[in-house]
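To keep things clear, I will list the structure first and then write my remarks on it.
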Amino acid sequence: MDYIYNDVIALSLSAEVYGRFLAYIDNYNFKIENGGIIVGILNPAKKMIIATDVSEPQKKDRCSAFAYRRAEFGHQEIMDKLWEESQHTKTYLGEWHTHNQRIPLPSFTDRRNWLEISRRKQNSDWLFFVIVGTEQIGIWTIASGKIVQMTKVDN
């Protein structure tokens, strides 16, 4: 599944990643928020980034009815392993979490955290933030310091 921002950049979710998000929509009870990191491959020549992997909640993460707080422990080890296995082609692309909303919208806390993450040095100029709702998936990126929603492109 592909998402685009103003013909500037496209994010393609691999079948595995898209399937994992759909599995949350189909099978998750949404009583507490869950989440993880997004990992993928950069293809700047085609203005395309491919999300190939996501981590899922780890033991030290804090999950509650209205918040998901990712602990570094666990997710960093997953990222390191993917980095090594891919011969340094897979990189951190952003964060994802669930919301108990039909059409997910980022909270004030989400927006604040995303902007904070975007100010850190990353391997990619583009970061993506996914919220899996009870019926839809929302994807945002940050362009020129502003949070913008990406548009789903039907393949």
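The values are calculated or read from the model by the stated rules, or taken from the named source; none is laboratory data. Small disclaimer: the values here were computed from a predicted structure and weren't measured. All Cβ positions, glycine included, derive from the backbone under ideal geometry; neighbour counts span all protein chains shown. Please note that ligands, DNA and RNA were not included when accessible areas were found on the heavy atoms of the full protein model with its side chains. Shrake-Rupley method; radii C 1.70, N 1.55, O 1.52, S 1.80 Å.
Checking LEU115, LEU93, LEU82, LEU127 one by one, the residue that is among the hydrophobic types (A, V, I, L, M, F, W, C), open to solvent by 40 Å² or more (accessible area, probe 1.4 Å) and in contact (Cβ under 8 Å) with a residue 24 or more places away in the chain is LEU115 and no other. All of ILE4, ILE37, ILE32, ILE25 fail the test of being open to solvent by 60 Å² or more (accessible area, probe 1.4 Å) and of a type in the set (A, V, I, L, M, F, W, C), apart from ILE32.
Take ILE4 and decide whether it is under 13 Å from the mean Cα position of the chain (by Cα), within 29 Å of GLY145 (Cβ to Cβ), among the hydrophobic types (A, V, I, L, M, F, W, C) and modelled with pLDDT under 95. Here the answer is no, as ILE4 does not meet what is asked. Taking the condition closer than 17 Å to PHE128 by Cβ, surrounded by 13 or more Cβ atoms within 10 Å (Cβ to Cβ) and either of a type in the set (A, V, I, L, M, F, W, C) or at pLDDT below 95 (or both), does ILE9 pass? Yes. If you go through segment 56-66 and keep only what is under 18 Å from PHE21 (Cα atoms) and either in contact with a Leu (Cβ under 9 Å, 6 or more places away or on another chain) or surrounded by fewer than 14 Cβ atoms within 10 Å (Cβ to Cβ) (or both), you end up with nothing.
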